[in-house]
Structure formats: C-alpha cells, structure tokens
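Undergrad: One structure coming up, written as structure tokens, with questions to follow.
Laboratory data are not the source of any read-out in this text; all were calculated from the coordinates shown. Everything numeric in this text was worked out from a predicted model, so none of it was measured. Cβ coordinates were reconstructed from backbone atoms using ideal geometry, including for glycine residues, and neighbour counts include every protein chain displayed.
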Amino acid sequence: MKTFLTVLALTCLSSTALAQQLDLSLSSAVVTFPGSDPDAVPLVSAAPVQVTYRVRQNNKATWSLTILGAGDLISGPSRIDITNVTWVATPAPPFQNGTLSKTVAQRIASGSGNVNPSTIGSITFRLANSWTYSTGTYTQTVLFTLTAP
Amino acid sequence: MPRTVPLFLVVLVIVAASGLPAIAQTSNATLNASVNGLARLSLSSAAISFPDADPDAVPSIQAAPGAINVTVKARTLPGGTVTLTVVANGPLRSGIDTIPASNITWGATGALGSATGHLSAAVPQVVGSWSASGIRTGTQTFFFRNLWSYATGTYTLTMTYTLSAA
C-alpha cells in the first residue's frame, strides 16, 4: 500500500508539472472604430491590438487562439451585425485573417509545440461602413481564448 | 510487492485514460464604433432648360435633358426622418419680366415616390421623406406651364435642394 501511495503521489505531481502553461495579454482592452463617411472610408480600421502570448510545456501538442463576439454591436435599439467586423492579423502564420462571429469562436492563430519566450502578434480590426447604420455609439465585448492542447 | 504491481498499473491506466486537462487563458476586449449623422445629395444634372414651344401645341413643356437622377444618402437616429426639399430663389426672371416659380411642376419616381409638386419661392416643397438611414434613388422630371401671356425672353431661376436628417 505504501508503494501504491508513493506511485500515486508521484503521478499526481508529474501531471501537475506536465500541464501546459499559457499566457495571454492584449495591448489594449478597447478597440475603437472612429466615425467615417461610408463613401470615403468603406472599411473603418481601428488601431492595431498587440497580442502577447506564450505556450510552455506543451510538448508537440497543438495550441490555438480564438475570438468570439458576445453579440452584435449595440447602440440602444440599434444593431450592427458583428459579422461586419473583420480582422487582419500578422505574422501569418501562425496568425490568420477572419470575420467575427457571435456564435462560433473564430481562429486567429494556431500552432504546435511551445511558443517561448513570449511572442507578439498584431490584429487590426475593421468595420464595414454603411449608410444604413443608425447614428449612435455602438459597443460589444469580444473574448480572446488561448487554449492547449 | 506482488500486490503493488497491479495497483501501480491501475494508477497508470487511470492517469493515461484521463489525460491532461485542457487549459485556457482568456482576455476580454471591448469594441466601440461611432456612427455619426451624415447626409449627402447628388443630382445627375445641375441645370435644366425648357425649350421654346407653341402654347397651343405644347401646353406643358418637359425639361431637357429629361429626368434628373436624385441620390439621397443619409444616416439618422433610429426612427429618425430624412427629408429632401427644394425651394426657388424667386420667380423666373428675364430682365424686368417674371413668371411665377409655381408655373414649374415636377413628377417623381423611384424612392422619391410618385408624388407631384410645384416650385415655390416662399416655402420649401418636400420632394421626398423617409424614415431610417440608407440610400435612396429616384428621378424628378420638371414641367413648365406654357402660356401665351408670357413676355418673350430667356428666363432663369435657381433651385436649392436641402437634405436633412433628424
């Protein structure tokens, strides 16, 4: 029994020590699209967001960074579908361009193994500008998730 | 020792079967988008003219080059109103001779509706009115009431269109 407990303890310690360690941070928690004339600026760009990420003790397993909108852009009773927001991300790979969704997390970057030391990617969000939008200040939250394996 | 070996294997099997738990790090960001009020009007022609005609043969002269294409672009508040009006700067003038602006009428099609109207130098006349933001296009065709009573001459007036969103 003593041997069993020893093995169990070592196994648990080993599991803890082998668990992936992930770090994720954004240079800014706010992304702002300035008001623009749809004819002059059909695609409104926000200032780039720097994503700093690190993946350790991942062996050769895969990792991915995704983004999910909590809903449409909302201003009182008015909505702008979140799919009107796209992004351009660099470097590619591991980053990729995409379109926001409020239902399915969209992949921004992915890879395998470790990313150490911390690495920075740049994401520029863009809003498709339209005359059909009602005036207002729209807002919505997006969730970045770094996962492994 | 003979009993610990099976237990060790059991532990290994359990650990291997469960695997390491997936872990995740998350971070939130807020998207803000400003949509400002904006209005833009474009006309396919900045000038129209009514050719001379016999009042008996052509009592109502259609303007050349024909219908004016009107494009209205506007952003307004939810439930807001977009209005396009036109007003004349005075009567048609040729020297000291005048013809009332109201002798010019129009018919509209497309997003401008099927309304008809007449020019006024006193009160802006509504060409079209809509709710909500968007782009609308239509045409406006002008007609001149041709009468024997007019003094000869070349008459001119200026029309001013105003697009407002509120």
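Undergrad: Given the -39500 (n - 2.57) contribution per DSSP H run of 4+ residues, what per-residue ellipticity at 222 nm results for chain A, rounded to the nearest 500 deg cm²/dmol?
TA: Taking each H run of at least 4 residues, the total per residue is -4000 deg cm²/dmol.
Undergrad: Separation between the residue A:139 and residue B:44 pseudo-spin-labels, each 7 Å from Cα along Cα→Cβ, expressed in nm?
TA: Rounded to a tenth, the inter-label distance reads 4.6 nm.
Undergrad: Please list, in chain and number order, the residues 5+ apart from residue B:133 or on another chain whose amide H is under 5 Å from its amide H, with Hs placed from the backbone.
TA: HN-HN under 5 Å from residue B:133: B:76.
Undergrad: Still on this structure, I have one more. Can you list the trypsin sites (Lys or Arg not before Pro) in segment A:72-149 that are in a DSSP coil and have 16 or fewer other beta carbons within 10 angstrom?
TA: Listed in order of number, the matching sites are A:102.
Undergrad: How well do other chains shield peptide A:56-69, expressed as the mean number of their Cβ atoms within 10 Å of each residue Cβ?
TA: For this peptide, the per-residue mean of nearby foreign Cβ atoms is 1.
Undergrad: Between segment B:70-103 and segment B:24-56, how far is it from one alpha carbon centroid to the other, in angstrom?
TA: After rounding, the separation between the Cα centres reads 17 Å.
Undergrad: Which order do peptides B:72-78, B:127-133 fall in by mean Cβ count within 10 Å, highest first?
TA: In descending order of packing, they fall as B:72-78, B:127-133.
Undergrad: I'd like the mean, over residues of A:24-35, of how many other protein chain beta carbons sit within 10 Å of each residue's own Cβ.
TA: 4
Undergrad: How many Cβ atoms of partner chains, on average, are near each residue of A:76-83 if near means within 10 Å of its Cβ?
TA: 2
Undergrad: For a quick check: sort A:101, A:134, B:114, A:64 by the number of other beta carbons within 10 angstrom, fewest at the front.
TA: B:114, A:101, A:64, A:134
Undergrad: Still on this model: Based on the alpha carbon coordinates of the protein assembly as shown, what radius of gyration and maximum Cα-Cα distance (Dmax) apply, in Å?
TA: Both quantities, over Cα of the protein assembly as shown: 34.3, 127 Å.
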